[in-house]
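Report on the structure given below.
No value in this document is a laboratory result; all are computed from the given coordinates. If you're wondering where the values come from, they're calculated on a predicted model, not measured in any experiment. Note: ideal-geometry Cβ built from the backbone for every residue, glycine included; neighbour counts use all protein chains shown.
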Amino acid sequence: MGALTPVTLLQCGRYPPESRTALYMSEEVKDKKKAAPIPTIHLEEGHPMAGMLDAIAMPPSAGDLVEGAIIAISRGRVYIDLPPFGTGLIYGREYLNAADVLRKANPGDIISAKVVDPAGREGYIELSLKEARQAAIWGEAETAILSQTPYSLQVEEANKGGLILSWQGIQGFLPASQLSKEHYPRVPEGDKEKILGELMNLVGHPLSVRIITADAKEGKLIFSERTGNEAEEKASLIDKYQVGDIAEGEVTGIVDFGVFVKVEPGLEGLVHISELDWGLVEDPHALFAVGDKVRVKVIEIKDGKISLSIKALLENPWNTAAERYSKGMEVPGVIIKYNKHGALASIEEGVAGLVHVSEFESPAELRETLELGKTYPFTITLFEPKEQRMTLTFAGKKK
């Protein structure tokens with residue numbers, strides 16, 4: 001017969017070693033008892049014992065959350081009453097991990113813990129307080145997803161993909177794509193460095209967010225600042241507008257290709273750079289600033305987006321150009337742009353004509369003769385104000 005080891009009455013009762021009577025059995029028998037599978041009993045429906053079997057509680061397994069009263073605390077150990085299955089034990093590393101909480105605990109306190117080993121040291125059910133706390137937090141996160149609970153969390157860090165926030169001691173990620181329109185980085189051509197710069201401005205600021213993904217196994221917590229029903233809300237707002245409507249708006253963002261204008265809370269549209277002014281606009285920042293109040297006209301509603309125009313509400317200079325200009329007239333013009341056909345010269349704000357490259361030996365000679373921003377004499381060779389077309393011939397001396 002093998003060596004004898006104590007098996008406490010905790011396997012049958014619930015008392016710590018300081019107040020127990022030791023029983024003995026061989027290690028061989030003890031190991032066989034641990035290894036022996038729990039027999040499965042099948043009873044026919046209606047059998048008088050069937051209801052009794054259903055009422056029998058199943059013993060806890062590893063990973064289960066259990067709850068019980070503290071029996072005793074001594075020498076880095078905490079004993080927890082887990083009737084009818086015996087006594088749980090928090091000790092060693094698990095005791096150290098939960099030391100801050102356990103210092104304030106007293107016998108009789110009810111405590112929740114996670115089963116680490118149902119047949120642990122000396123026959124106790126080995127427990128973890130820290131893992132139970134983590135499991136409870138992840139459980140709360142899953143509940144928060146279903147209830148769409150909002151949280152106000154401060155942004156701790158930023159990277160090119162989004163923001164880092166912490167909730168209940170767990171660090172989570174808020175992708176840039178899940179930011180609200182107010183905070184979404186509007187950066188031309190997706191420049192990652194500029195995106196990072198915009199996101200860095202949010203560090204230290206609180207955001208109202210929801211949890212949308214909680215994966216305890218991978219330790220993944222994903223947040224969103226979006227409400228989840230923005231598409232429906234936006235569609236409802238857009239339905240209020242028709243092409244041709246005029247509205248008062250506020251500039252909320254400026255990018256290289258235009259400006260974003262909020263026409264009412266929850267509804268924002270783009271004024272493309274070509275719709276900012278009748279004159280050539282090279283840099284929208286030179287004309288507008290965030291917060292500017294502007295009048296806009298709805299020019300398109302498509303695919304859940306609303307397109308706006310500012311120049312549509314301004315006087316089109318081409319409408320009255322015929323009163324001031326005619327074919328054959330010599331006029332001064334400022335070179336405002338080069339293109340593959342030649343140079344564009346403006347004879348007044350919003351009225352410009354093409355100086356064709358064929359007048360010069362090469363594009364290089366054209367650019368050498370007609371410098372950007374300088375004024376030169378031209379003769380109008382084609383003038384069609386209704387089609388907003390005009391061509392010019394250089395009337396000065398070529399270099």
query: What is the distance in Å between the Cα centres of the stretch 241-306 and the stretch 326-383?
result: 30 Å
- prompt: Suppose R0 equals 56 Å; then what is the FRET efficiency for Lys397 and Leu313 from their Cβ-Cβ distance, rounded to the nearest 0.05?
  reply: 0.85
statement: The residues His341, His183, sorted from fewest to most surrounding Cβ atoms within 10 Å, come out as His341, His183
message: Please give me, ordered by residue number, the trypsin sites (Lys or Arg not before Pro) of the stretch 221-316 that lie in loop per DSSP and have at most 13 other Cβ atoms within 10 Å.
response: Lys240
task: Provide the packing ranking of 141-148, 386-393, i.e. peptides ordered by the mean count of other C-beta atoms within 10 Å per residue, highest first.
output: 386-393, 141-148
query: Too long at a 20 Å Cα-Cα cut-off: which of Lys311/Lys386; Lys160/Lys181; Lys160/Lys220; Lys181/Lys305; Lys192/Lys337; Lys114/Lys217?
result: Lys192/Lys337
field: Compactness of the stretch 231-313 as Cα Rg over 2.2 N^0.38 Å, two decimals
entry: 1.02
message: Is the C-alpha gyration tensor of the stretch 318-394 telling us rounded, prolate or oblate? Criteria: a/c under 1.5 is rounded; beyond that, a/b larger than b/c is prolate, otherwise oblate.
response: prolate
task: Of all alpha-carbon pairs in the stretch 148-224, indicate the percentage at a distance above 16 angstrom.
output: 46 percent
query: To the nearest 20 debye, what is the magnitude of the charge dipole of the stretch 318-394 about its Cα centre, counting +1 on the Cβ of each Lys and Arg and -1 on the Cβ of each Asp and Glu?
result: 180 debye
